[in-house]
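Peer 1: Please find one structure pasted underneath; my questions will follow.
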Amino acid sequence: MSEHFISLPENVYCHLLAVAETQGMTPADWIASQLPLDEEQQKPLATILSDLVGSINSQVEPPPAYEKTVFGEAIASKLGKQGIRRP
């Protein structure tokens, strides 16, 4: 994938950087998140999830505890910064 560069005034870049950081994103990812969705992303949710129906047995009790992993703790930390806590 090739990279492209754009020029922004300092105040615009600083504002972009601040907004992106508060959302845990890079400036490029934040800009991409603001663009219109492509055709694949505009499909109805039911169509996107249709292959997943029945893949999880909701009648089985989940395990009472979770196993701590480095990855899981990193995700929990990031979500914690957004105010989302583990039950």
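To keep it simple, each residue is scored yes or no on (1) of a type outside the set (S, T, N, Q); (2) in a helix (DSSP H, G or I); (3) surrounded by 10 or more Cβ atoms within 10 Å (Cβ to Cβ).
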residue	(1), (2), (3)
LEU16	yes, yes, yes
ASP51	yes, yes, no
ASN57	no, no, no
ALA74	yes, yes, yes
GLY80	yes, yes, yes
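Peer 1: To continue, here is another question. Enumerate the pairs (first residue in the stretch 10-24 and closer than 18 Å to LYS78 by Cα; second residue anywhere and surrounded by 11 or more Cβ atoms within 10 Å (Cβ to Cβ) and of a type in the set (D, E, K, R)) with beta-carbon separation below 8 Å, excluding pairs fewer than 6 apart on the same chain, so at least 6 apart or on different chains.
Peer 2: Final answer for the pair search is ALA20/ASP29; GLY24/LYS78.
Peer 1: Another question about this same structure. Name, by its number, the condition in (1) surrounded by 10 or more Cβ atoms within 10 Å (Cβ to Cβ); (2) modelled with pLDDT of 85 or more; (3) of a type outside the set (D, E, K, R); (4) outside any loop (DSSP other than H, G, I, E, B) that does not hold for MET25.
Peer 2: Only one criterion is unmet by MET25, namely (4).
Peer 1: Six or more apart or on different chains, Cβ atoms under 7 Å: show the pairs whose first residue is in the stretch 64-87 and without any contact (Cβ under 8 Å) to a residue 24 or more places away in the chain and whose second is aliphatic (A, V, I, L, M) and in a helix (DSSP H, G or I).
Peer 2: ARG86/ALA76
The values are calculated or read from the model by the stated rules, or taken from the named source; none is laboratory data. This is a predicted model, so every value here is computed, not measured. No Cβ is skipped: glycine too gets one built from the backbone with ideal geometry, and neighbour counts run over all protein chains shown.
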